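Right, one structure below, let's go through it.
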Amino acid sequence: MTSSVLDLAPVVPVVVLEDAADAVPLARALVAGGLPAIEVTLRTAAAPDAIRAIAAEVPDAVVGAGTVVSAGQVADMVAAGARFLVSPGWTDALLEAMKGSGLPFLPGVSTTSEVVALLERGMTEMKFFPAEAAGGTAYLKALSAPLPRARFCPTGGISPASAPAYLALSNVGCVGGSWMVPADAIAAHDWDRVQRLAAEAAALGA
């Protein structure tokens, strides 16, 4: 795997799973559609088992843990087989835990000061969250001139319509979104639909 989460795919599906049994078929559909990097968010009790199942049974997937907010979660997700970590924000303690994990990670930022603080600490790759609410493409474009070393994965409110504008920015490596994993498709086990939506999302970066 590349050491950079930003270079795995143009779009990273942000997945919320209520049932870990859905994890493997969902991951297979996403990989088949051209989206191998999958962020499973730790918003549900099923998430750790879902990450464990994907890591064990879908070798072509690069499964990561999202919504990581504590050092304990970092250790648990490493043990579960996560291959990257994503946080909505960061503290020094969380940053140290993610650095110590040995995994690629994206700490979340939404202000210029947070970006500068991470650059001071030697980190250049970040999650920009919540992207649309925090200023969207205009904000990221404004950051590119004074802070050219910073690269971002914007996530939060991004749609198929808005994704291309983000991907066109020089400081954006990929975007995160959930439109290709709609809850109704997961509930219906409509993996063909997920694969089709994934393929459409993958094509946005072509």
Select from Pro36, Pro146, Pro164 the residue whose mean-square fluctuation is largest in a Gaussian network model of the chain (Cα-Cα springs shorter than 10 Å). Pro146
Under a 1.4 Å probe, what is the accessible area of the range 84-206 per residue, stated in Å²? 43 Å²
Pick from Leu106, Leu169, Leu140: which is most flexible by mean-square fluctuation in a GNM of the chain where alpha carbon atoms under 10 Å apart are linked? Leu169
For the chain, set up a Gaussian network in which alpha carbons nearer than 10 Å are linked by springs, and say which option among Leu17, Leu143, Leu30 fluctuates the most. Leu143
Gained length - Glu57 relative to Lys99, 0.36 nm times residue gap less alpha-carbon distance: 12.5 nm
Just to check I understand the Karplus step: with θ = phi - 60° and J = 6.51 cos²θ - 1.76 cosθ + 1.60, what whole-Hz values come out for the range 75-86, glycine and proline as x? 4, 5, 6, 4, 5, 6, x, 4, 10, 7, 10, 9
Fully extended contour minus Cα-Cα distance, from Ala199 to Asp19, at 0.36 nm per residue: 62.4 nm
Give, as a single signed number, the net charge of other residues whose beta carbon lies under 15 Å from the beta carbon of Phe152, with Lys and Arg counted +1 and Asp and Glu -1. -1
For Leu95, what is the net charge nearby, where nearby means another residue's Cβ is under 15 Å from its Cβ and Lys, Arg count +1, Asp, Glu -1? -2
Pick the calculated mean projected area of the Cα convex hull in nm² for this structure from [x] 13.9; [y] 11.8; [z] 10.1? [z]
Sulfur and carbon atoms: percent of accessible area, the chain [1.4 Å]: 54 percent
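The values are calculated or read from the model by the stated rules, or taken from the named source; none is laboratory data. Because the structure is predicted, anything quoted here is derived from the model rather than measured. No Cβ is skipped: glycine too gets one built from the backbone with ideal geometry, and neighbour counts run over all protein chains shown. These accessible areas exclude ligands, DNA and RNA; they are computed on the full protein's heavy atoms, side chains included. Shrake-Rupley method; radii C 1.70, N 1.55, O 1.52, S 1.80 Å.
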